[in-house]
Structures are given as structure tokens and as C-alpha cells.
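Some notes on the structure that comes next.
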Number of protein chains: 6
Amino acid sequence: MKLAELTWQEVDALDRNVVVVIPTGSLEQHGPHLPLFTDSILATAVSEAVERAMPEQVLLLPTLWLGASAHHLKFAGSLSASFSTYVGAVKDAIESLIPHRFSKFFIVNGHGGNSEPNGIALRELKATYPNLKFGHSNYYTFADETAADVLSGPAKSIQHACEAEASLIMHVRPELVRTNKLRDDGLVPDPPIRGMVHSFDEITEEGSKGYATLATPDKGKVIFDSAVAGLVQNLTTLFHGYVFKSE
Amino acid sequence: MKLAELTWQEVDALDRNVVVVIPTGSLEQHGPHLPLFTDSILATAVSEAVERAMPEQVLLLPTLWLGASAHHLKFAGSLSASFSTYVGAVKDAIESLIPHRFSKFFIVNGHGGNSEPNGIALRELKATYPNLKFGHSNYYTFADETAADVLSGPAKSIQHACEAEASLIMHVRPELVRTNKLRDDGLVPDPPIRGMVHSFDEITEEGSKGYATLATPDKGKVIFDSAVAGLVQNLTTLFHGYVFKSE
Amino acid sequence: MKLAELTWQEVDALDRNVVVVIPTGSLEQHGPHLPLFTDSILATAVSEAVERAMPEQVLLLPTLWLGASAHHLKFAGSLSASFSTYVGAVKDAIESLIPHRFSKFFIVNGHGGNSEPNGIALRELKATYPNLKFGHSNYYTFADETAADVLSGPAKSIQHACEAEASLIMHVRPELVRTNKLRDDGLVPDPPIRGMVHSFDEITEEGSKGYATLATPDKGKVIFDSAVAGLVQNLTTLFHGYVFKSE
Amino acid sequence: MKLAELTWQEVDALDRNVVVVIPTGSLEQHGPHLPLFTDSILATAVSEAVERAMPEQVLLLPTLWLGASAHHLKFAGSLSASFSTYVGAVKDAIESLIPHRFSKFFIVNGHGGNSEPNGIALRELKATYPNLKFGHSNYYTFADETAADVLSGPAKSIQHACEAEASLIMHVRPELVRTNKLRDDGLVPDPPIRGMVHSFDEITEEGSKGYATLATPDKGKVIFDSAVAGLVQNLTTLFHGYVFKSE
Amino acid sequence: MKLAELTWQEVDALDRNVVVVIPTGSLEQHGPHLPLFTDSILATAVSEAVERAMPEQVLLLPTLWLGASAHHLKFAGSLSASFSTYVGAVKDAIESLIPHRFSKFFIVNGHGGNSEPNGIALRELKATYPNLKFGHSNYYTFADETAADVLSGPAKSIQHACEAEASLIMHVRPELVRTNKLRDDGLVPDPPIRGMVHSFDEITEEGSKGYATLATPDKGKVIFDSAVAGLVQNLTTLFHGYVFKSE
Amino acid sequence: MKLAELTWQEVDALDRNVVVVIPTGSLEQHGPHLPLFTDSILATAVSEAVERAMPEQVLLLPTLWLGASAHHLKFAGSLSASFSTYVGAVKDAIESLIPHRFSKFFIVNGHGGNSEPNGIALRELKATYPNLKFGHSNYYTFADETAADVLSGPAKSIQHACEAEASLIMHVRPELVRTNKLRDDGLVPDPPIRGMVHSFDEITEEGSKGYATLATPDKGKVIFDSAVAGLVQNLTTLFHGYVFKSE
């Protein structure tokens, strides 16, 4: 079910085992070829497909689209929430539902930069509500192996405005891809170094990482379906519940 | 233009006189007959109509839909940002664009509870950036007179899930109105008293205020068009600029 | 009763139906003719007159005089609390009394810029203490109709260092009016525009709005008495209690 | 000069060597015999006497009366600002004046519990504005030796609602002393221990410390005049300026 | 060099290419067999070894030992900083050095729970100081492959109070290992689920994860030396500088 | 007992009358002759000596070494926590232990600049946990009289990198004293003035105050032993408990 479209009486009648799904995205530069809303479009599309697959078991929120994107702000049009605003939004949304006895929450994230503050928001909530269930994951984590198979370029993981993301947008919103501007991009430190926090104006020429020129809608469909299938399985487990056993 | 659909290079090429439009809404109970997303749907629809009317002069952001709705939280499904989260989101979005020399910002608000924090966010920004232009208004302010004419019930202003809002949703998203559940609602203090801060579980029986049973799509269209026309005029002035003269 | 002058044992003996009255003002420029403390002087004077009229039913706090006045800071001598400081002061004062079972609170405000943060402070308190009573109003709201009658100039509402405020200070603290410096002032956008957040150095020449040259102590007395009478009636209702009934 | 009574143009014309004086007090229990506003009354009275003695060299603010009094909250009627609110108010007031080139600030404090947050507020300001002058002191620090001479009871320093404070209120606002309720009070740890943070409901029976039964208005006058004289000397030095030399 | 042992004049004389190393740890339960300070002991020992290897190129801070450990608080003795305190400490320490023109900062982390707030702290700093260099990594990231080789148990990565951590403490502070209490522990969700935020009282029986019974000091030495060697190489690159080139 | 070296099960078995000791220090300039870590070294050494003297009655935390040192930041290498970070660290550490029923907390402070925020942290905790015991003191408060006897120079109290602190470091970590750089330093306002907040670059030439050239290890030992003895007595009282009686 989509929370946005329900009335409060319909929400009040729901099974409290339902998994509250919170998509998180961004509005940030995605190179010369993809729209600023790429991450939000994809987190939303995946989450909506999950909701269609298991409507009685999922309560889908609208997408929290204002992401933690400070590392993209040098590129015009990128918007970024501060970490405290971002964490506050996630927590406020979830804590509004807890007094009504919703108890299972899962963030479907579309922007790498949100992973750390998503983790922090949920860890703070877990400390306050130790008996409730909180989870988060980038949607593409559930498509990792499939993506590695289907991608043609040397980069086998999902990067930024890359072969994978461009393929996904071609699948979901093809009219938004500037096909004449697709380009491969990405800079690396020389000599190599680990652990550095770089901004995207340092590690790209025009904002993207990876091999967008290799993108196709078919690849997008494969990755998309794989992410949805993985999430459906994961959230079905969360809906039905699980126990802990010795490893 | 819709910021979400642009690339960063397209944003970077824009005229800096463009008015950045930020719709703000809510996800909160709207009685037994309207969906939780009512305010966000309407702020978005009005803003998108404004953008269609003057695409070269407006840069439209996605809707900040997580409103300041603590007074509705007793009704299941309502979500509320804390004031600091809400103010932070408005400020963060706007401040992301200022280094890129955008200078005119206008919030089109769909939820009365956002008015105070919208004011505070913009007053803080104005103190920091005294030479930039910041404005905000509920969209229905621009339709006030028209609405008073067109509404049949005794309440001549826009309330909450009322004749006006129900009419507007009938116009914009008719499939979301639970027509069999339309009801009139609203309680008042006895004896009368001014200035009190009440929550909606105190001042309604099932969450709405006003005469939703009188709603029609035609009334909705009239109010909607009036709000759009007023906003277009106002933002056109903002785009072209104005001076101060003696009263 | 005036809280400042009581001992703790006297407070502890009070009827808990008493209305705690919190005057809020400012210390900010009021043109060349009125003192910086104008709003605080007036909120205090009105509140003290209310307390004299119903001493057993009101517990009057000293005036929170440090207002939210960022829009006046370009004028020397104006002081402004940040919104978080301002909201904190209102909430801290009120929350100090709640564990002692005081339960009815009303802010008598003298500065328009405080209205938004007063609203936010009380809405946050209401969310935390849903069974308590919180209200706020500008004192001149209770004199609106009377003021419209008595004012000679074209501005029929209360503005800033205007005919009304100058008249009120002439009534309450005449020695503080620089009668040789009274002036009419105020600028308006051309072409007209709605909803903009302007600072007072933009919309005035020397800090005031309205027709102070028309001020008289008699007008001040009429407005003052009207505000006091309205507040006394309102707080009497709050003291005795009220219920909710269908509209 | 009293800032509250000036216009902005008069402030703008001031010598910037003027010392901005900020009185800080409290509204907190002072035993069965003194009013809740004792600390604010005394800080205000001392500061006003200082201002009368050197009106051209002092710019006196109204008293920040909402003190840091959490340790008194168990006694009805006591109000306390949180530390962040308190520090915010001090800093906001001072920082409003800095852009207008005022540069010398001195807090005249009447409540021991404010000393720590006053120190923190000024240390934060000093870090931001290293070339400006900031100082703070309890007013009675300037009367310490005189008070030790004039007090009859075994407690030779100023405590809380004690011989000294009761004498001072008898001098300044005699009608506010409940002379029939004057009492000696105060508990001490047994065995003795240093450094503990106790609340006043632990270390008193009815809220006061010391020998209020020995208070007289004459003692109050001596202490008061001594504090004023010391402050006048100190602020005169601050007005004229000082250098640093080897010890 | 160790910052703690230098004088300010010696610091002032340093080459500003020096890498400021900030070890971060925790004080949290590590099962029945390892001390609460395990993570801090190891981050400190590794960092000190790095400093000994390249003393002229590293400026080593004392360990920020109060980690983000809310997920361990159910076990007595665990201490946890809130995220805002933790992030504040990292940022405050670094920002104290920036005005003195230090420009390269690297956090050597010993506690998984610090990774997210370390990332956030550095991303906030990077946004403010885009031209400076900030990096962070768990020390054991540099020993990952070596550890996988040397560990005998089924868990090939470093967990919590596991074969690897127990071996490391046996190498560095053998007297602190309760060898008679070494145990294997760790629970997993059944059915499996990804992305959940669990606390350690949910996923262990007595606080540890992995196969501590297999720990030996020799394994500890191998892992330790590998981590140090990797960090030395990485920080040498940071000291000498690097450029960006096409991938 | 040292918390760092215990396991959680050992902590869980402790007597809850144990006094939790939290040493607080700084890393800040101490003139040309003492190391930056002076305050932390001394607070730690004193606290460890106290723990050795009464191991069953004290639970010693590692030193919170990042102090509130903004007034030293002009000297290279000094680190300072903001007040909110500092207060947060003290409170977070203590509040981690309260759910496990530890109830007696005492801060042993080595840096004057921490006194105010230590007071604020404990006053906030006391307001939240009125039945628990919280105390704080500079360690040298317990040696005041002894130090006055043993010091040869004109300054009879402990200052900063002075005769006393230099003697203490000579006693505890003699290898860290730059004996060839010992110097006397310290500037005073002329004419004298009280209550000003000065930074150390204003009131010293090279960072120290007092007569370090007179320091000897023997003086250090006498002061050190006196501080330890006083603290042991004080904390023994806290361990066994105390009552309140009439003064």
C-alpha cells in the first residue's frame, strides 16, 4: 500500500506486521547525461515495484529525495541536506508511526552518500526502541551479482551515472537520458591511496564515474528486476519475522 | 523548468533571474474522505501548473512533502517533521543553490502548519543573505476571493479537508476521494476563546474541518485556476524585479 | 499575581486553574521617534493591567523582552534572539512550572516578529503535553476593531512605530516619545508583490511604518483599554475552562 | 544610558568606547522570606546605580532575568533556562551590537548559577572576536571585603537568601521582604565532602542558606554602595582602556 | 612525532606536509575474554607503530577512545558517545589545527561503529575545506588479505572479540586476555535477512562474534605487522602528495 | 579498578557503591618548557594513584583528554573541544553507566578551562537524576595549602605551566620537561581590572604563567602526594555515603 494515498482510518486498520518502506534518494548532478533526480527516480521505481509485488505486506512512504550530497555541490543544481537535517527527516518520519504500533522499518536507498546517515538514524532509533526492527540497504546491493554479470565495461559494480545507472534510467525513464551526451568519466589518485574523502569535482571531469556509453535499457531491466526480486525476498522475511540461532 | 529533470550543465546555463519555486506540503490525516497526501498533491499540482505557464522563468523543485504536522499525529499514518528538521530542509535546499548565484526563491505552501516554520526559515536566510529575494505563501492565499465566491457552505475560507480541499482533490486526483465517506466536521470552543493552540483530535471528530459534503470538481477547478493565475502574476513580478517606493 | 514578587511558598499555595501569562516583547528600532523598548513596554503595560483586573486568576511572569528581531538589526541598538534561543526561552519558562501542576499558559505578545516562534514553541509544548492549555496572541489583536475606528490615518491596522504604537506609548510612557521627531514612513514594492520577506531597512526610510504624526495619547488610551478588556475576557474563559461543541 | 529608552539614531551616535552592561539575574526561590525575583532585582538595581554614576560611559541593557536555576526547580515558581538557552541569550544580545562596532561588554551577574554559563558565553565570543573586550562578575564580588566586615552572622560571604541578600532587598525593595518569615537555614554534608553538585532541596530545609534573621537595611546599603563603587571603578578602567605589562 | 609530548614551539616548527593521524577507538564490551578497551588499545598500538616507522612524516594525536557504541550498551561497562558528540570531537580536534596550516588528516579507526560517524565528520570538513586532505580507515582494512590467510576459523574477516582481535591483544597486551574465558560466539538471523540493524545483545550470547578460541599471539603479530605496513605505505603517499589521472 | 582493563562481566559484578572517577585534561600549549599534554598527564597520574590507593572503591575511566581550550588556540598544536562537544562527552560517558546502576561519579580535573563545562555537565545530570551523586574538582584544589607552603615564587597558587605544574611534571614525567627552556612569564592588565576574559596570547609572552624556573621534582612530589591524599579522603567519604545535617 502507498501511505500517501490512504486515509488515516485505512492506515489504522492495517496489520502491524506490515513493513514500512522508506525510499531515500538525492537530487544531485549525474554527469552530462543523466538527470539530477536519478537516484530518487530509481529508489522510487524499485520501491514501487516492490510494493506492487507485495502490497499487503508493505506500507510505502513517498521518497525522501533530499539526500546527503555535499560532495556534489560544486556542480550547479545539486541540493544537499546537512547530515542533521537528513538524519532528522528519517527519524521524524519513522517516529511518527511508532506510537501507532508500526514496528518494522526498512530504508530502500538509491544514493551512496545516504548510507552513513541512514545507518546513524537507524542506530539511534534502535537504541531508543530496542524491540523494533530497523533495516536499510542500497537497492543495488540486491542486484550486485546480476549487475556484475550483465555489465560490459571494466567496472563491475555500480558507480555514479555509470553503465548501470544509465541503463536503469533507460529502462525506467528513457526520455530523461541525454543519449548524445553519454560519456565515460572518472579519475583516480596517482599513486593510489586508500580511504580518502574526495569530492566529485576532484574525481571526475564532468561528474560521472564509469562507462555510461555502454548502457542499454536491457541491462537496466535485468538489474532492476534483480534488485526488486531480492528486496521482495528480504522484506517477506521481515514481514513474517525471524529468530536468532547459533552460526 | 523542473530541476529534477535537468542535468547540472543545463542548470548551469540558466538565467539567474529565474525564480526557484519550492513546493511544501504534508503527509497527514485529512479526515475519512481525503488521502494523507492531500496537501502535497495540491501544492505540487499548483506549482507544476505555474511552471507550465512560465517555464523559462521558474525553476521548480520537487515537493518537500514532510511537513510540520505534530497537531495531527494522534491520527494514524500522519507523519511530522520536527520544526528543526523542517526548517533545516528548506534552508539546506535553498542554500545549495546560492553559491551558484540563484537569487530568487519562493515557497508555494500547501499546509497551514508549515507557514510558521517557512517564515522562520526564510527570515534566517534573509538575515544571512540580505540582498537576495525570499518569499512564501500558501497557494490558496491567491485564490481567497474566488474561493469565497464559489464555496456554498458557511465556511468561506479554506480549512482542512473541507469543501475547498475536497473540491480541489476532486479536480486534480478524483480517484483519491472516498466519496462515500465525505463528511462535515469541526468543533469549536464553548464559550469562545481566541489564540489557543489545539490539536486536531480536540477540534474535530474524525479529522476534517468544514463542509466537504458540498465539494464538487467544478469548484475545485475554479479555485485551482485562480491560485495558479495569482501565483503566475506574483512570480512574474519577482522574475522581472521590483523597487521600493513611498506608500 | 506577579510571580516575580511572590515567594515559592505563596506560589505553591495557588489555585492551579490560574492562567500563567507570559508577556513577550522586543528591543528593536522603532523609528526616530519611539524608544527601542516600545514593544516590551506595551506588552508589559497591557499584561500588568490585565493582572490588576483579575489578580486571583492570573500569574504574571516578567516580560521576555529579547525578541526575534533579525529584520531590524541593520539599525543600531536593535537586539535579536535567534529563533532557537527565543523558542528555548519560552519553552524553558513554561516547562519549569509544569511539574508544579500549572496547566494554563497564555503569551501576550507585543512584537509581530515573535508570532511565528511563539506559535512554534507552543505547538511543541502541546505535542508534549496534550492535556494542557496553551495560547498566544498579539495584544493588539484584541483591539483591532477599536483601533480601526480610532485611527485617523489611512493605515487602519497596527504597523510598526505607527499612529497606534506612538499613541500607545504617549498614553503609557509619554516622556519616551521624541515628539519633535515623529514622522510618517514606509515603502512598498512597485509593482506590488505578495509574500516577500523584507527587512525594515528595505521597507522604510528611517525605521517606522505608518502615520506616527497623527498619534495622540487619547487614541492610545482607547486602544489600550480595548486590548486589556479583550484579554481579560479571553483569560477569564481560560481560567474557568471551556468545552468543544459542534460548530 | 539605558538602551531600552534610546532610539536607534541616538544609539548610532554613541561613542564606541562605551561599556555595554548586561545584568543577569534569575527568577528562583529565595526561601520563605524573599521574593523569587531577588537576584534580578539586585543585579538590576546595582547596574542602574552604576549607570547613574557614569551615564556617558555605560550603555545599560535590560536585565536578562531568566537564569540557569535548575537546582531550584523543586521549589514552586522557580524558572530555569537550559544552559543552551541561557548562553544563547547572552551571546545573541551581544552579537546584535557587534556589527555596529560596540566592542566592550561586561555582565553584572546577580545569580551564582549563571557564573558558569556566563563564562562559557563570553569565552565563545572571545574566540570569535579576539580583539573585543568581554568581562563578567557577580556584583557582590566587588563588595566581598565590605560584606565580610558588616555581616554579623558566622557566614562571612554572600550565600542565598542570606543575611546579605535579605539586607540588600531590605535596602532596595523593603516592601518585598516577608519579615515575619525570615529564617536561618542551610544543611551541610556529614561527614564533610568537597566538590559535590547538590540541589537546594538537599542542602536547605526551606530554600535559603545563611542567617537572614540578622539582616538589616543598613547592612544592605553598605554592601550595595560598595558593589556599585567597585563596579564603577572597574568599568571606568574598561571604558578608558588598559594595556598588558609584565607582572 | 607524538603531539602530546611536543611543546607548541616544536609544533610550530613542523613541516606542514606532515600527516596528522587521529586514532579512534571505543570502550565497549568485548565478550568474557577481552578487555573493554580492546579497540582503543589496538588503534593506539597500530598508530604508534606507524609513528615509529615514519616519525618525521606523522603527527600522532592521542586516541579518541570514547566511541559510538550504543549497540553494546546493554553490556555493563560499555560507554558510548552520541553521534553528535563523537562527530564533534573528531571535527573539533582537526579544526584546531587547520588555522595553523596543517592540511592532511587521517583517522586510524579501531571500532567498526565509528566508521559511519568518521565518514560524516570528514565529509563535513571536506565541504568546508575543499582543498585539504581528509581520510579514514579501519586499521584492519590494511590487513584484510593477510588476516584471511592466517585465520584458522571459518570467519575470514575481522569481527568482534574474535580470533583476529583476540590474537592482536595476545600480541600487544597479552596480560589482558582472560585465556580461561575465551569462547566462540555469534548468532545469525534465521531465515537469513540483509541490512538489519541489530544490537550485540541480539546477535551474541555473551558479547563476542567469531572464533576467539583459535587465537594465538603469532597470528596477532602477523596481522598487526600487515596493518602497520599498509598504513605506512598509504600515509607515505599522503605525505608526498598525489594527483588525479584518468582511470 | 581500571574500567579499560575489565571485561563487561567483571564490571557487572562490581559493588554499585564504587565511585566512578573521570579524569579530564587538555592538550594545549604549556609554554616553551612543558608538553602539550601536561594537564592530561597530571590528571591521569593523580587519578591512577588514587585508584591504586583504593582499588575496590574506585572505578577509573580513561582520561577525557580533549579539553575546552579555546583560549590557547593561537598557539600551534593546542586542541580544543567546543563546549557542546566537551559537555556531551562527559555526559555520554556517565549516562552509559547509569542504566547499570552506577550512582556515584566524580570528575578529577586537570585543566582550569574545563571547570565551567564540568559544572554544567554535572548540573544537567543532577537535574535529570536527582538521587544520584555527582562531583567535580580540580585535583590541585586538594593540594592548595600544601602548594602554598612549598612554592618558592611569589605566586602561591597553581597557575599555568608554572612552578607547580613544572614541578609536577618533573616528578611524574621528568623526561618531558625542556629544562633549558624553563622560563617565567605572565602579563597583567595595567591599570588592573577584574573579571575580563582574556586569551593566553594576551596575558603571556610565550604561553606560561608563573615561575617555572623555580620548579623542582621534590616540590612536585609534595604537591602530588597532597592532592592524592585529599582525593582519597574525599572519595572514601563518597563511597561510604554521607547525610545532610544542620550547619
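The values are calculated or read from the model by the stated rules, or taken from the named source; none is laboratory data. All figures in this text were calculated on a predicted structure; none of them were measured in a lab. Note that we place each Cβ from the backbone using ideal geometry, even for glycine, and neighbour counts take in every protein chain shown.
Kindly indicate which of B:GLU48, B:GLU28 is more than 10 Å from the chain's Cα centre (by Cα) and away from chain A (no Cβ under 13 Å). Before you say what the answer is, go through the steps one by one.
On the way: B:GLU28 fails: away from chain A (no Cβ under 13 Å).
Sole residue among the options that is more than 10 Å from the chain's Cα centre (by Cα) and away from chain A (no Cβ under 13 Å): B:GLU48.
When you scan the stretch C:224-247, how many residues do you find that are surrounded by fewer than 20 Cβ atoms within 10 Å (Cβ to Cβ), among the aliphatic types (A, V, I, L, M) and closer than 30 Å to C:VAL172 by Cβ?
Qualifying residue count for the region: 2.
C:CYS162 passes all but one of (1) without any contact (Cβ under 8 Å) to a residue 60 or more places away in the chain; (2) out of contact with any strand residue (DSSP E or B) (no Cβ under 7 Å at 6 or more places or on another chain); (3) crowded, with 21+ Cβ neighbours inside 10 Å; (4) closer than 30 Å to B:GLN233 by Cβ; which number fails?
(2)
Go through the stretch C:161-204 and give me each residue that's among the aliphatic types (A, V, I, L, M) and in a loop (DSSP other than H, G, I, E, B).
Our first condition is that a residue be among the aliphatic types (A, V, I, L, M); within the stretch C:161-204, this holds for C:161, C:164, C:166, C:168-170, C:172, C:176-177, C:182, C:187-188, C:193, C:196-197, C:203.
The answer is C:ALA161, C:VAL177, C:LEU182, C:ILE193, C:VAL197.
Only one of F:ALA89, F:ALA81 is without any contact (Cβ under 8 Å) to a residue 24 or more places away in the chain, facing chain E (nearest Cβ under 7 Å) and crowded, with 24+ Cβ neighbours inside 10 Å; which?
Values: F:ALA89 fails: without any contact (Cβ under 8 Å) to a residue 24 or more places away in the chain.
When all the criteria are applied, what remains is F:ALA81.
Identify all residues within the stretch C:126-139 that are more than 8 Å from every other protein chain (Cβ to nearest Cβ) and of a type outside the set (Val, Ile, Thr); write none if there are none. Walk me through it before giving the result.
Residues of the stretch C:126-139 that are more than 8 Å from every other protein chain (Cβ to nearest Cβ), as a first pass: C:128-129, C:131-132, C:138-139.
The answer is C:TYR129, C:ASN131, C:LEU132, C:ASN138, C:TYR139.
Out of (1) buried (at least 22 other Cβ atoms within 10 Å of the Cβ); (2) part of a loop (DSSP other than H, G, I, E, B); (3) of a type in the set (Ser, Thr, Tyr), the odd one out for D:SER157 is which?
Answer for D:SER157: the failing condition is (1).
Quick one: which residue in C:ASN138, C:ASN131 is of a type outside the set (A, V, I, L, M, F, W, C) and in contact with a strand residue (DSSP E or B) (Cβ under 6 Å, 6 or more places away or on another chain)?
Numbers: C:ASN131 fails: in contact with a strand residue (DSSP E or B) (Cβ under 6 Å, 6 or more places away or on another chain).
Residue meeting the stated conditions: C:ASN138.
Quick one: would you say E:ALA70 is facing another protein chain (nearest Cβ under 7 Å) and of a type in the set (Gly, Ala, Ser)?
Criteria met by E:ALA70.
Quick check on the stretch F:92-112: of everything there that is facing another protein chain (nearest Cβ under 8 Å) and in contact (Cβ under 8 Å) with a residue 60 or more places away in the chain, which residue is nearest to F:ALA70 (Cα to Cα)?
F:ALA93
Got a number for residues in the stretch F:209-227 being farther than 12 Å from F:THR146 by Cα and β-branched (Val, Ile, Thr)? Walk me through it before giving the result.
Of the residues in the stretch F:209-227, the ones farther than 12 Å from F:THR146 by Cα are F:209-218.
When the remaining residues are screened for being β-branched (Val, Ile, Thr), the result is F:213, F:216.
Selection size over the stretch F:209-227: 2.
How many of the residues making up the stretch E:51-102 are more than 17 Å from the chain's Cα centre (by Cα) and aromatic (Phe, Trp, Tyr)?
Of the residues in the stretch E:51-102, 2 are more than 17 Å from the chain's Cα centre (by Cα) and aromatic (Phe, Trp, Tyr).
So, E:GLU202, is that one facing chain A (nearest Cβ under 9 Å) and either modelled with pLDDT under 95 or under 30 Å from A:LYS126 (Cα atoms) (or both) or not? Reasoning before the result, please.
On the way: facing chain A (nearest Cβ under 9 Å): yes; either modelled with pLDDT under 95 or under 30 Å from A:LYS126 (Cα atoms) (or both): yes.
Judged against the criteria, E:GLU202 is a match.
Restricting attention to the stretch A:31-40, which residues are facing chain B (nearest Cβ under 8 Å) and crowded, with 24+ Cβ neighbours inside 10 Å? Show your work before the answer.
Initial filter on the stretch A:31-40 (facing chain B (nearest Cβ under 8 Å)): A:31-37, A:40.
Residues satisfying the conditions are A:GLY31, A:HIS33, A:LEU34, A:PRO35, A:LEU36, A:PHE37, A:SER40.
Can you say whether F:SER208 is surrounded by fewer than 23 Cβ atoms within 10 Å (Cβ to Cβ) and of a type in the set (S, T, N, Q), as far as the supplied structure shows?
On the way: surrounded by fewer than 23 Cβ atoms within 10 Å (Cβ to Cβ): no; of a type in the set (S, T, N, Q): yes.
So F:SER208 does not fit the description; no.
Okay, residues lined up against (1) buried (at least 23 other Cβ atoms within 10 Å of the Cβ); (2) over 20 Å from the mean Cα position of the chain (by Cα); (3) under 22 Å from F:GLY77 (Cβ atoms):
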residue	(1), (2), (3)
E:LYS104	no, no, yes
E:GLU116	no, no, no
E:THR128	no, yes, yes
E:TYR139	yes, no, no
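Table: residues versus (1) within 11 Å of chain E (Cβ to nearest Cβ); (2) in contact with a Ser or Thr (Cβ under 9 Å, 6 or more places away or on another chain).
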site	(1), (2)
F:LEU14	yes, no
F:ILE22	yes, yes
F:ALA43	no, yes
F:GLN57	no, yes
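Given the conditions (1) buried (at least 21 other Cβ atoms within 10 Å of the Cβ); (2) within 14 Å of chain D (Cβ to nearest Cβ), which single one is not true for F:ALA147?
(2)
In the stretch B:150-159, how many are in contact (Cβ under 8 Å) with a residue 40 or more places away in the chain and over 17 Å from the mean Cα position of the chain (by Cα)?
6
Which one is nearest to F:PRO189 (Cα to Cα), of the residues in the stretch F:205-247 that are facing chain D (nearest Cβ under 10 Å) and in a loop (DSSP other than H, G, I, E, B)?
The qualifying residue nearest to F:PRO189 (Cα to Cα) is F:GLU205.
Could you figure out which of (1) of a type in the set (A, V, I, L, M, F, W, C); (2) in a helix (DSSP H, G or I); (3) within 9 Å of chain B (Cβ to nearest Cβ) isn't true of C:ALA121?
So the condition that C:ALA121 fails would be (3).
Only one of these conditions is not met by A:LEU6: (1) more than 7 Å from chain B (Cβ to nearest Cβ); (2) more than 12 Å from the chain's Cα centre (by Cα). Which number is it?
(1)
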